[in-house]
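Engineer: Below: one structure in structure tokens.
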Amino acid sequence: MARKRKTKPQPSYKPWLALLLAAVLVMQFGYLSGAIRVPQPASGAATRPAQSPTVAATPAATAQPMFGVEPKPNPSPPLQKPSSRALEETVLITPPSQDPPPEALEQPVQPSAPINRPTPNPQPQPLTEKKPPQPYSSHTGVVRRILVGEEKLVALTFDDGPWPDTPAVLEVLRQYGAKATFFWVGLHLQKRPEIAQQVVAEGHAIGNHTWSHRNTPMTPEEAGEEIERTAALIRHTTGLSTSLFRPPGGRLHNGLADYALQQGYTVVQWSVLSKDTEPLEALTIADNVLQGVQPGSIVLLHDGGGDRSKTVEALRIILPALQAQGYRFVTVPELLESNQAAIPKAPSN
Ligand SMILES: [Zn+2]
């Protein structure tokens, strides 16, 4: 101690050195912790963010309020997934013009690709990262009635919704344990996503019925816009990808059906007309259906596009009457499956 005190007369450089060391340490620590930016020539390593932003989280959070109704638990496979996962998958959607055609969705994609996976590219994950929904049918062609042998199966189809009358239709179907197929118009779907989600939650099948219900001749580009825009909204709203298409008015030669067939859709016409868009009484509408139905029939009805209270009333006659005859009400995809199962048993080819 005493010896040190003796050296005190020459103090000049030591505090200076200590200050310098301290400054160097502070600089070093600051640089390592990122508090101090050292200008560097632009290079990938210097400009890339240390962590990839969680780009998927923001759209998911902002899009969630659109889904006012949680899908109810039901036996339909797409809805057995947790709803939060379904939402994550459906919000990661590109604008309709960039949406892949249906056949692109059939390509194998990693089933459980992590959505927030770190990536050197800070762009949002592309649409192809989401799990492709299962298409309903691999049948490409036009169907009017399905040959199902003696099995008493019938497919009720409802066009032009979702509509304020749709829940009343659902109620009658539920009462008789009937499944049906709904062909949606994009413009109507846009206005009533909650009703659409209810239709899917109750186990019914969905088809594409164009965006605007226009049925005048159109170019392949216009047809593509009508169909793809609707397909994208169906996926966005329900998480489902449909391979069923019905042209407005059943018109097969205005460009829409050609486009749909090219994309691998099943074009679904009908074999029984209810004529429920005409000013008919419910009893007449019911009679049109009951007179026309045979095994494998596809019945044209409407839940949208106008006041459908007569259709709902007719259903209360049609369903018990056909059920009493032994008919089972199935979706169009189920009818198509029955046909495929029956092919090996066919007596002639
Ligand atoms: Zn229609």
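Engineer: Determine whether the range 228-243 contains at least one residue that is crowded, with 24+ Cβ neighbours inside 10 Å and over 14 Å from the mean Cα position of the chain (by Cα).
Structural biologist: No, there is no match, as no residue in the range 228-243 is crowded, with 24+ Cβ neighbours inside 10 Å and over 14 Å from the mean Cα position of the chain (by Cα).
Engineer: While we're on this one: Within the range 265-276, track down each residue that is buried (at least 24 other Cβ atoms within 10 Å of the Cβ), more than 12 Å from the ligand (Cβ to nearest atom) and part of a loop (DSSP other than H, G, I, E, B).
Structural biologist: Tyr265, Ser274
Engineer: Mind checking which residues of the range 231-264 are part of a helix (DSSP H, G or I), within 16 Å of the ligand (Cβ to nearest atom) and closer than 19 Å to Val332 by Cα? Working first, answer last.
Structural biologist: Of the range 231-264, the ones part of a helix (DSSP H, G or I) are 231-238, 248-250, 256-262.
Still in the list and also within 16 Å of the ligand (Cβ to nearest atom): 234, 248-250, 256-257, 260.
Selection gives Ile234, Pro248, Gly249, Gly250, Ala257, Ala260.
Engineer: If you go through the range 196-227, how many residues are on the phi > 0 side of the Ramachandran plot and buried (at least 22 other Cβ atoms within 10 Å of the Cβ)? It would help to see each step written out before you state the result.
Structural biologist: Of the residues in the range 196-227, the ones on the phi > 0 side of the Ramachandran plot are 203, 210, 213.
Of the ones still in play, those that are also buried (at least 22 other Cβ atoms within 10 Å of the Cβ) are 210.
Result for the range 196-227: 1.
Engineer: Return yes when Ser338 is modelled with pLDDT under 95, within 27 Å of the chain's Cα centre (by Cα) and among the hydroxyl-bearing types (Ser, Thr, Tyr) and no when it is not.
Structural biologist: yes
Engineer: For the range 244-259, name all the residues that are closer than 18 Å to Ser212 by Cβ and within 17 Å of the chain's Cα centre (by Cα).
Structural biologist: Across the range 244-259, the qualifying residue is only Phe245.
Engineer: Which residue pairs have Cβ atoms under 9 Å apart, sit 6 or more places apart or on different chains, and have a first residue in the range 158-173 that is under 15 Å from Gly305 (Cα atoms) and touching a residue at least 12 places away in the same chain (Cβ under 8 Å) and a second that is among the acidic types (Asp, Glu) and surrounded by fewer than 22 Cβ atoms within 10 Å (Cβ to Cβ)?
Structural biologist: Pro162/Glu194; Asp165/Asp307
Engineer: Within the range 292-333, work out how many residues are part of a helix (DSSP H, G or I), farther than 17 Å from Leu153 by Cβ and within 16 Å of the ligand (Cβ to nearest atom).
Structural biologist: Qualifying residue count for the region: 1.
Engineer: Moving on. Find the residue count for the range 167-220, including only residues that are under 27 Å from Ala321 (Cβ atoms), polar (S, T, N, Q) and within 16 Å of the ligand (Cβ to nearest atom).
Structural biologist: The number of residues fulfilling the criteria is 1.
The values are calculated or read from the model by the stated rules, or taken from the named source; none is laboratory data. All values derive from a computational prediction rather than experimental measurement. Because the Cβ atoms are built from the backbone with ideal geometry, glycine has one as well, and the counts that use them run over all protein chains shown.
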